[in-house]
1. Against the condition touching a helix residue (DSSP H, G or I) at 6+ places or on another chain (Cβ under 6 Å), closer than 25 Å to residue 481 by Cβ and either part of a helix (DSSP H, G or I) or at pLDDT below 95 (or both), how does residue 67 come out, does it pass?
2. Just checking, which of 167, 137, 172 is touching a helix residue (DSSP H, G or I) at 6+ places or on another chain (Cβ under 8 Å), surrounded by 15 or more Cβ atoms within 10 Å (Cβ to Cβ), under 25 Å from residue 310 (Cβ atoms) and touching a residue at least 24 places away in the same chain (Cβ under 8 Å)?
3. Of all residues in segment 347-359 being at pLDDT 95 or above and not in a strand (DSSP E or B), which is surrounded by the fewest Cβ atoms within 10 Å (Cβ to Cβ)?
4. Can you find a residue in segment 65-74 that is under 30 Å from residue 419 (Cβ atoms) and without any contact (Cβ under 8 Å) to a residue 60 or more places away in the chain?
5. Scan segment 479-486 and give yes if some residue there is in contact with a helix residue (DSSP H, G or I) (Cβ under 6 Å, 6 or more places away or on another chain), part of a loop (DSSP other than H, G, I, E, B) and modelled with pLDDT of 90 or more, otherwise no.
6. Does residue 36 satisfy the criteria of being touching a residue at least 60 places away in the same chain (Cβ under 8 Å), assigned to a loop (DSSP other than H, G, I, E, B) and crowded, with 24+ Cβ neighbours inside 10 Å?
7. Quick check: anything in segment 47-57 at pLDDT 95 or above, under 19 Å from the mean Cα position of the chain (by Cα) and under 22 Å from residue 467 (Cβ atoms)?
């Protein structure tokens with residue numbers, strides 16, 4: 001039986017961040033990943049010779065070289081990574097697009113402020129008051145009370161459309177709650193998107209993951225792929241290790257789980273874990289997504305798409321909620337990765353469209369259908385796809401078409417230039433992340449201190465509460481610092 005200082009469940013951003021941090025201090029640590037590829041919510045795959053990212057549209061929390069006190073700066077210091085190793089290239093500009101109103105923003109916050117002043121002149125004082133409240137709030141205070149963001153935002157801004165335009169990007173990039181956010185998470189996302197901004201490596205998420213994997217292995221950490229955890233072992237209110245899918249047992253002083261709060265509760269007995277925490281079992285998240293990836297025969301800018309990312313709603317009131325139908329294509333995210341300020345042309349010219357989706361309905365279709373056939377178009381995205389053979393794949397084709405139709409009020413028609421298409425549904429998210437219901441952002445209940453209710457078992461990642469790629473890594477780092485290194489009296493500088 002192998003014993004470790006720490007076992008980490010999941011080789012996503014938070015798990016790798018925690019693993020690197022602990023290995024740097026000579027802890028014996030193992031990261032366990034059920035799948036054959038690392039990355040979790042932000043991974044990659046290959047299809048017909050093309051490399052696609054999953055999850056990553058952009059890295060938020062951009063900071064210039066040498067910037068002080070920002071999340072990216074803290075991350076680099078904690079993991080001893082040089083700024084230039086990330087190979088980050090900024091966005092041009094992005095936008096929030098609603099009926100009759102469009103707000104551009106970039107990594108210079110003054111662009112967004114000037115756009116609000118022009119489009120909503122009677123709201124600019126309230127917008128300034130909101131930004132002051134955001135700047136003054138300490139989102140790193142893990143014991144702060146949970147407040148509703150919408151109530152605070154509406155106390156400053158009276159125009160409902162402007163309220164929804166502010167919420168739209170923040171929700172799509174991090175909210176596990178329907179039509180609202182916890183105030184601390186609103187602050188995290190507002191700062192990371194509007195104050196700091198978007199950037200992307202030339203090679204996308206693969207570059208970040210390779211950097212992390214190389215750093216982890218160099219520090220002496222152990223990584224076990226295709227190694228799922230069947231259950232977390234605990235005795236007398238303390239975690240003692242894990243049992244793997246193959247029956248093998250590993251023991252540890254500490255277990256850090258990035259599997260998600262709901263999923264971690266199931267791994268160790270939901271009722272007993274919740275009871276020890278003095279709470280009901282965590283509610284399952286409702287928010288999942290479909291994504292279509294369109295490969296174009298020319299750069300997006302050449303067909304008139306200038307923005308890097310567009311967050312859109314086709315209705316004046318934005319509805320961020322689980323739809324009754326398979327998808328809600330009335331809102332979403334449109335990403336053009338080639339419109340980042342890249343030093344070299346990308347290998348593929350892409351338009352990616354993300355929409356809110358209903359896991360239960362997609363899951364039911366899949367149960368009654370055959371093999372998953374990618375939605376693909378070799379010549380003409382509208383007519384060139386062969387007819388799928390069953391209800392699940394027919395639905396993918398139908399909702400691909402609807403998704404593309406409903407973005408045409410925000411970008412020119414790109415479909416005549418589409419030469420290849422792929423699409424994934426909440427089923428895919430559930431398979432590769434393990435999140436129940438394909439809930440990308442996990443449970444609406446967060447455990448900001450990481451405490452699970454069982455001593456020695458701590459939550460990291462999405463359900464700890466830090467958001468985005470940088471936030472996920474900082475979540476793993478901060479929980480590793482708090483629950484392992486500080487406990488062991490290691491001399492560490494925390495996040």
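1. Against the criterion (touching a helix residue (DSSP H, G or I) at 6+ places or on another chain (Cβ under 6 Å), closer than 25 Å to residue 481 by Cβ and either part of a helix (DSSP H, G or I) or at pLDDT below 95 (or both)), residue 67 qualifies.
2. Within the list 167, 137, 172, the selection yields 167.
3. The residue in question is 358.
4. Residues of segment 65-74 under 30 Å from residue 419 (Cβ atoms): none.
No, segment 65-74 contains no residue that is under 30 Å from residue 419 (Cβ atoms) and without any contact (Cβ under 8 Å) to a residue 60 or more places away in the chain.
5. Among the residues of segment 479-486, not one is in contact with a helix residue (DSSP H, G or I) (Cβ under 6 Å, 6 or more places away or on another chain), part of a loop (DSSP other than H, G, I, E, B) and modelled with pLDDT of 90 or more, which makes the answer no.
6. no
7. The answer is no, given that none of the residues of segment 47-57 is at pLDDT 95 or above, under 19 Å from the mean Cα position of the chain (by Cα) and under 22 Å from residue 467 (Cβ atoms).
A quick yes/no check of all residues on (1) without any contact (Cβ under 8 Å) to a residue 40 or more places away in the chain; (2) assigned to a loop (DSSP other than H, G, I, E, B):
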site	(1), (2)
307	no, yes
310	no, no
316	no, yes
322	no, yes
328	yes, no
334	no, no
345	no, yes
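The values are calculated or read from the model by the stated rules, or taken from the named source; none is laboratory data. None of these values were measured; they are calculated from a predicted model. Quick reminder, even Gly has a Cβ in these numbers, built from the backbone with ideal geometry, and neighbours come from all protein chains shown.
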